[in-house]
Amino acid sequence: MFSIRKIFNQHLYYEFSPTRELRVKLIERPGRWMADDEWQSALQDVRTVVEQSETKQPLDYGVQGDDKNYFDNAIITVVYDAQNDRPIAFNAMYYMHLNIAGQPHDAIHLGLVMVDPQYRSRGLTWVLFGLPCVLLFFRNLLQPIWISNVTQVPAAFGLVCNSYDNVFPNSGAGARRSFQHVVIADQVIQNYRFVFGVGDDAVFNRERFVITNAYTGGSDGLKKSFAETSKHRNSLYNEICERELDYERGDDFLQIGQLNLTAVKHYLLHDVPRRSLLAIIYHTGFLLVSAILLPAVRWFNSNVRMGELRPWKTK
């Protein structure tokens, strides 16, 4: 769907069909620019999916919480059944403002993903996890983006290990906890517990990157026994989760990794269905070109503030 709004809106707004069966809506930071009725409509679609999901008790954090400021930094992706326009899945990611090596960075927390039980075997992972990140990566002119993920589910743990680069914790022999991993993890735990529903009484183990007693800050309904979790096809990830996490207490891994060109290449070559590849290449290419051309267009618009980018000072 071509839209002038896509080009000139400061924040990403996308609505298109990657396949004939699906329609995807992606909204970046809706609380900053969208009219209330617009983003409330998307939020209602998210809550429709939550109502269909099998949570033990209501969720009270992030996209399901009462804090309207949350949506100033949220990235909401909703997937619809194209046949009946029914919302069937969503991913609620979040921008985290971090200081890395003395420089400010916007990292992304991968956030809460839910799929209507009737659609859980239909291969939506590539849309929910990969597609929003890849679009943001191309809009960011191919600059690496740090990501975080909090999970006790072996399938999700393995997915992040395989889909992103430089991930810790990981199962690979080369997985290493670097100083950057620790710096980022400390800031995530100190400042962004509310994003993934972890209470103040939860304790973070910096050696193992495990959050103990994690389900006390609004995410209580997501706590599962190991038997209830979705398993990964590679049994190694299942074994790591069972060995390292105490499911009765309610532990989570905090994974830190990077979305970079290596990760995007893997996504395009291995995760995207062949029938959807051309559509994804078109949209990512459009984003890349618009990100390059838009600053030039704005340069010649005297009504747009450019600050220090202008070659002269306004007196």
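The values are calculated or read from the model by the stated rules, or taken from the named source; none is laboratory data. Just so you know, these numbers come straight off a predicted model, no measurement behind them. Here the Cβ positions follow ideal geometry from the backbone for every residue, glycine too, while neighbour counts run over all protein chains shown.
Restricting segment 199-219 to residues that are in contact (Cβ under 8 Å) with a residue 12 or more places away in the chain and in contact with a Ser or Thr (Cβ under 7 Å, 6 or more places away or on another chain), which is surrounded by the most Cβ atoms within 10 Å (Cβ to Cβ)?
Step by step, filter segment 199-219, then rank; the result is A202.
Condition (residue is within 24 Å of C133 (Cβ to Cβ) and of a type in the set (G, A, S)) applied to segment 198-208: is it met by at least one residue?
No, segment 198-208 contains no residue that is within 24 Å of C133 (Cβ to Cβ) and of a type in the set (G, A, S).
May I ask you to list the residues in segment 198-227 that are polar (S, T, N, Q) and at negative phi?
Within segment 198-227, N205, T212, T216, S219, S225 qualify.
How many residues are in a loop (DSSP other than H, G, I, E, B) and among the acidic types (D, E) when one looks only at segment 81-132?
Selection size over segment 81-132: 2.
Could you check segment 229-270 and list, in sequence order, the residues that are charged (D, E, K, R) and modelled with pLDDT of 90 or more?
The answer is K231, R233, E239, E242, R243, E244, D246, E248, R249, D251, D252.
Within segment 171-198, how many residues are over 12 Å from D251 (Cα atoms) and either free of Cβ contacts under 8 Å to residues at least 60 places away in the same chain or aliphatic (A, V, I, L, M) (or both)?
18
Residue by residue through segment 85-108, note down the ones that are β-branched (V, I, T) and either crowded, with 20+ Cβ neighbours inside 10 Å or modelled with pLDDT of 95 or more (or both).
I88, I108
Quick one: which residue in V188, V160, V195 is touching a Ser or Thr at 6+ places or on another chain (Cβ under 7 Å) and assigned to a helix (DSSP H, G or I)?
Sole residue among the options that is touching a Ser or Thr at 6+ places or on another chain (Cβ under 7 Å) and assigned to a helix (DSSP H, G or I): V188.
In segment 170-188, what residues are of a type outside the set (G, A, S), buried (at least 20 other Cβ atoms within 10 Å of the Cβ) and modelled with pLDDT of 95 or more?
Matches in segment 170-188: H181, I184, V188.
Please enumerate the residues belonging to segment 14-71 that are part of a strand (DSSP E or B), under 28 Å from D220 (Cβ atoms) and basic (K, R).
none
Each row is one residue, and each column tells you yes or no for (1) at pLDDT 60 or above; (2) of a type in the set (A, V, I, L, M).
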position	(1), (2)
N213	yes, no
K223	yes, no
A227	yes, yes
V272	yes, yes
S276	no, no
I281	yes, yes
R298	no, no
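Got a sec? Which of S225, S171, S121, S178 is small (G, A, S) and under 18 Å from A107 (Cβ atoms)?
Matching residue, one of S225, S171, S121, S178: S178.
When only residues in segment 1-56 that are among the hydrophobic types (A, V, I, L, M, F, W, C) and loosely packed, with under 13 Cβ neighbours inside 10 Å count, which is modelled with the highest pLDDT?
This residue is A35.
Identify all residues within segment 109-129 that are farther than 16 Å from S17 by Cβ and surrounded by fewer than 16 Cβ atoms within 10 Å (Cβ to Cβ); write none if there are none.
Scanning segment 109-129 gives P117, Q118, R120, S121.
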